[in-house]
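The values are calculated or read from the model by the stated rules, or taken from the named source; none is laboratory data. This is a predicted model, so every value here is computed, not measured. Heads up, the Cβs are rebuilt from the backbone with ideal geometry, glycines too, and the neighbour counts pull from every protein chain shown. Surface accessibility is based on the protein's heavy atoms, side chains included, excluding ligands, DNA and RNA. Shrake-Rupley method; radii C 1.70, N 1.55, O 1.52, S 1.80 Å.
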Amino acid sequence: MTSGSDVSRNALLATQRRQGIALVLLTMLLFAGYDALSKYLARHYPVPQLLWVRYLTHSGFMLVVFGPRMGWRLVRTGRPVLQILRALLLVAVTYLFMNGLRFMALADATAINFLAPLLVTALSAPLLGEKVPLQNWLAVMVGLVGVLIIVRPGGSALQPAAIFPLGSAICYSLYQILTRRIKGSEHPVTSHFITGLIGVAVTSLGWQASWTMPASYDLGLMVCLGLLTGVGHYLLIEAFQRMAPATAAPFTYTHLVWAVLLGSLVFGEAPSPGTLLGMLVIAGSGIYVARHA
């Protein structure tokens, strides 16, 4: 017989799960909006300049939101080397993906980048010493087939630019591996803030020579890049306090849906049947791995 306390606890968990799902769905919309803005701005401005404004705004947002309550804990870390490596990988992720968006359709680049969760599965065996079941290896292979369906002979994605989102996916998988290495020993807000600071430092070395003075409207859009990612990562932190990442994973693939819609509405990029099929294959493989993690 179920007690009243068990019923109340189950109801609370169900409410938290619904809240977490809503936060993840909203985050995917924000991230897709970031990608669309990146594609628009990268056509007119140097990528290092865009990333500098993005990371500066991101860091400023987190400093305002979390600085008053966390103080020096915002930057205090016991794993400085791993934090720096993790941050450098994320800078590489954003640089490579934004360059890919300059030449590729939004949906194609986003779909290829979603190979990252599957690469995490493949890399967790040699880098983390985890045992990966055979069915998960098969899911990784199916995901690679999904990428090949998108980057098909005669297809729009079959071009040198496809190496950018593929490189982004590889770097992002390594970034997630390092995130798992520091999980539990570092506050997630601290990790995100340090990532922003390293991003500002690295991109400060590369934008000055190619700086293009933006129009006031475009400068506002550049600031939105940082706000979208800053708010998005904050919402993910809140979501993962309400639900397990494996539970949230299937809902992250709504990012692909938004990529198709925004690519079509904003840039007139109608996805081909092959792109849509490849997306479904990649998403299905990723969801399978997430559900059996």
Problem set entry | Pair list, Cβ < 7 Å and 6+ apart or interchain, from the stretch 247-259 residues that are within 14 Å of ALA111 (Cα to Cα) and β-branched (Val, Ile, Thr) to residues that are part of a helix (DSSP H, G or I) and modelled with pLDDT of 85 or more | THR252/VAL24; THR252/MET28; THR254/LEU25; THR254/MET28
Exercise. Which condition number does VAL231 fail, the rest of (1) open to solvent by 40 Å² or more (accessible area, probe 1.4 Å); (2) of a type in the set (A, V, I, L, M); (3) outside any helix (DSSP H, G or I) being met?
Worked result: (3)
Exercise. Name the pairs whose Cβ atoms lie under 7 Å apart, with the first residue in the stretch 270-291 and open to solvent by less than 10 Å² (accessible area, probe 1.4 Å), the second in a loop (DSSP other than H, G, I, E, B) and among the aliphatic types (A, V, I, L, M), and 6 or more positions between them or separate chains?
Worked result: ILE282/LEU115
Exercise. Does ALA259 count as at pLDDT 85 or above and either closer than 22 Å to ILE112 by Cβ or assigned to a helix (DSSP H, G or I) (or both)?
Worked result: yes
Problem set entry | Criterion violated by ILE182 - all others in (1) of a type outside the set (Asp, Glu); (2) touching a Leu at 6+ places or on another chain (Cβ under 8 Å); (3) modelled with pLDDT of 85 or more; (4) surrounded by fewer than 19 Cβ atoms within 10 Å (Cβ to Cβ) satisfied | (3)
Exercise. Only one of these conditions is not met by VAL64: (1) out of contact with any helix residue (DSSP H, G or I) (no Cβ under 8 Å at 6 or more places or on another chain); (2) open to solvent by less than 10 Å² (accessible area, probe 1.4 Å); (3) of a type in the set (Val, Ile, Thr). Which number is it?
Worked result: (2)
